[in-house]
Each structure stands twice: as structure tokens, then as C-alpha cells.
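First up is the structure itself, then whatever we jot down about it.
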Amino acid sequence: RQWLNVGSGPAGSGLRPTGLTATDWIERRLDADPGVLPDVLAPANDLSLLANASMDAVFSSHCIEHLYLDQAVPALSEWRRVL
């Protein structure tokens, strides 16, 4: 099982939901900042690099609040698509 960490920031930054442990889940980090070296370099509202139903969970600790409404609706649609 794998989960998508949207807006993850740098690896090991501690932005992880409880219950998704390293032994049970594979974390895939998505960020728009190439400087944090994400697994997937993309904005939160364009997950076109990921296949439909490719994730078992999507987590975003603080990303959605930085999007305008016209960006948030597509982001949520994309998150649902990858689930």
C-alpha cells in the first residue's frame, strides 16, 4: 500500500499522519518545489503524472489552504482520481 504526501516538504520533515507507518505503507512525496527533492514534482492540483487509483491514501497537512477556490476544486478532483 502506498500513500501520497501532498506538499510534503523535505524528506524527514515529520509531516506524516499517525497510522501510516514505514513498515505498513510506502510514502510517495509530492511537492511543487524541486529543492525538497520530492518523488513527484508537481503542483497539488495537477497529478497527471500519477495513474488513476494508484494511491491507497492521500494526505496533505497544510497544502489545500494555499490554493484559491479555482485551484482547490481541481486539486480535490485529482486527489480523488488517484485514490
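Let me have the relative contact order for the chain, percent, based on Cα pairs under 8 Å that are six or more residues apart. Dividing the mean separation by the residue count of the chain yields 35 percent. Surface composition of the chain: carbon plus sulfur atoms contribute 56% of the solvent-accessible area (1.4 Å probe, protein chains only, all chains present). If I fit a long axis through the Cα atoms of helix 69-82 and take the longest principal axis of the Cα atoms of the chain, what angle between them do I get, 0 to 90°, rounded to 10? Between the helix axis and the principal axis of the chain, the angle is about 40 degrees. Accessible surface for the chain, divided over its residues, is 60 Å² per residue with a 1.4 Å probe. Considering only 26, 60, 71, the residue lying farthest towards the positive end of the dipole of the chain is 26, judged by Cα position with unit charges set on Cβ.
Here the alpha carbons of the chain define both size measures, Rg and Dmax, at 11.9, 37 Å. Under the convention that each Lys and Arg Cβ holds +1 and each Asp and Glu Cβ holds -1, the size of the dipole of segment 27-83 around its Cα centre is about 160 debye.
The values are calculated or read from the model by the stated rules, or taken from the named source; none is laboratory data. Just so you know, these numbers come straight off a predicted model, no measurement behind them. Glycine gets a Cβ as well: all are built from the backbone with ideal geometry, and neighbour counts include every protein chain shown. Accessible surface areas use protein heavy atoms only, side chains included; no ligands, DNA or RNA. Shrake-Rupley method; radii C 1.70, N 1.55, O 1.52, S 1.80 Å.
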